[in-house]
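Step one of this worksheet: look at the structure below.
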Amino acid sequence: MSLEKLKADLTKKKPIYGVEVALKGIKNETLSKVYISFNCHRKKDLVRLCKVMGVEVIELGKTNAELGILCKKPFSISVISFK
C-alpha cells in the first residue's frame, strides 16, 4: 500500500532526497510527507521529529538500495520527502 502511495507522489510532486535535507525541512516546517527506507541510519531521529512536528511519516519495507532502484536513480536513497 505505501509503495503505491510513493509511486503516486513521485509522479505528482517533486521529490527531495536525503536525510539531512529532510531533517532541515521538518524543523523548518516546509515538508508534509516523508518516506523512510527500512535500513535508514537516522530512522529513529526522523520518526521522532516527524511525530513532534506533525509531518506524515511512512516507513517502507524496502532497503535504501531498493528505493534507489524504484526511483530510477543510480544511487541508494534512504529518505524521500515532499513539500
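All of the numbers you see were taken from the coordinates with simple rules; none came from a lab. Note that this is a predicted model, so its numbers are computed, not measured. So basically every Cβ, Gly included, is an ideal-geometry build from the backbone, and we count neighbours across all protein chains shown.
The number of residues in the range 1-43 being buried (at least 16 other Cβ atoms within 10 Å of the Cβ) and either without any contact (Cβ under 8 Å) to a residue 60 or more places away in the chain or part of a helix (DSSP H, G or I) (or both) comes to 16.
Yes/no per residue for (1) in contact with a strand residue (DSSP E or B) (Cβ under 8 Å, 6 or more places away or on another chain); (2) polar (S, T, N, Q):
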position: SER2; (1), (2): yes, yes
position: ASP9; (1), (2): yes, no
position: PRO15; (1), (2): yes, no
position: LYS27; (1), (2): no, no
position: VAL55; (1), (2): yes, no
position: GLU59; (1), (2): yes, no
position: LYS73; (1), (2): yes, no
position: ILE77; (1), (2): yes, no
position: LYS83; (1), (2): yes, no
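Take the range 37-83 and flag every residue that is under 11 Å from the mean Cα position of the chain (by Cα), of a type in the set (A, V, I, L, M) and over 13 Å from GLY25 (Cβ atoms). Across the range 37-83, the qualifying residues are VAL47, ILE58, LEU60, LEU67, ILE77.
Take the residues in the range 48-62 that are surrounded by fewer than 16 Cβ atoms within 10 Å (Cβ to Cβ) and not acidic (Asp, Glu), then tell me which one is nearest to SER2 (Cα to Cα). Here the answer is GLY61.
Restricting the range 67-83 to residues that are farther than 16 Å from VAL21 by Cα and touching a Ser or Thr at 6+ places or on another chain (Cβ under 8 Å), the residue that is surrounded by the most Cβ atoms within 10 Å (Cβ to Cβ) is LEU67.
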